[in-house]
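These notes are about the structure you will find just below.
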Amino acid sequence: MQDQNEYLFFLRRAFDGMLNVLEDLGDDLANTRPPLPGANSVYAIAYHCAAVANYWTGHIIAGREIDRDRASEFTATGHVKDFCQQVDELFEQLKVDLAQVIPSSLPRNTPPADFEGPERPLSVQGVQLHVLEELAQHHGQIQITRDLLKPGASS
């Protein structure tokens, strides 16, 4: 069994970057959609990322039953402080989910059919890479969205 601390370190680093943006924006701006067609608020994007990590790690890898409403993730609103606490709780659960997992093994559940993954079954490590891929993509989206809502904030 491999140690999952390194994987969780990189997940946490991505989330910490998102949380820093949320805290910088505060509740009002974090829940504001930029004036672009189909744009999401920073809060909604970060909320979606937490759902991604929970679903793919908890359900696909560890086999936990999760009732996920993906569409509602993009309209989620809330308080930054509460969300920071939710992310801390998520990481405690992810540690439990990954404690007995072998990265080269198969996940307990199969990814959804509409997932555009490789043309072969994913290993646990493949699922973990997918989660990191999603978080990296959305972390950048959060930074761009912050810059649209609060010009000069990244300086």
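Surface exposure of the chain, expressed per residue as accessible area with a 1.4 Å probe, stands at 56 Å². Could you give the Stokes-Einstein D for region 4-69 in µm² per second, using the C-alpha Kirkwood radius, 25 °C, 0.890 mPa s? The calculation lands on 184 µm²/s. With 5 Å bins beginning at zero, the pair-distance distribution over Cα atoms of the chain amounts to 2, 9, 19, 21, 19, 14, 9, 5, 2, 0 %.
Taking a ≥ b ≥ c as the square roots of the Cα gyration tensor eigenvalues, region 64-135 comes out oblate, since a/c reaches at least 1.5 and a/b does not exceed b/c. Got a number for carbon plus sulfur as a percent of region 100-145's accessible area, 1.4 Å probe? Reported share for carbon and sulfur atoms: 52 percent.
Working from the Cα coordinates of region 38-79, the gyration tensor eigenvalues give, after taking √(5λ), semi-axes of 22, 9, 8 Å in decreasing order. Using only the C-alpha atoms, the convex hull of region 114-154 corresponds to 72 Å³ per residue. With contacts taken as Cα pairs under 8 Å at a separation of at least 6 residues, the chain carries a relative contact order of 34 percent.
Comparing A51, A113, A30 in a Gaussian network model of the chain, where Cα atoms under 10 Å apart are tied by springs, the biggest mean-square fluctuation is seen for A113.
The values are calculated or read from the model by the stated rules, or taken from the named source; none is laboratory data. These figures come from a predicted structure and were not determined experimentally. Only protein heavy atoms, including side chains, enter the accessible area calculation; ligands, DNA and RNA are left aside. Shrake-Rupley method; radii C 1.70, N 1.55, O 1.52, S 1.80 Å.
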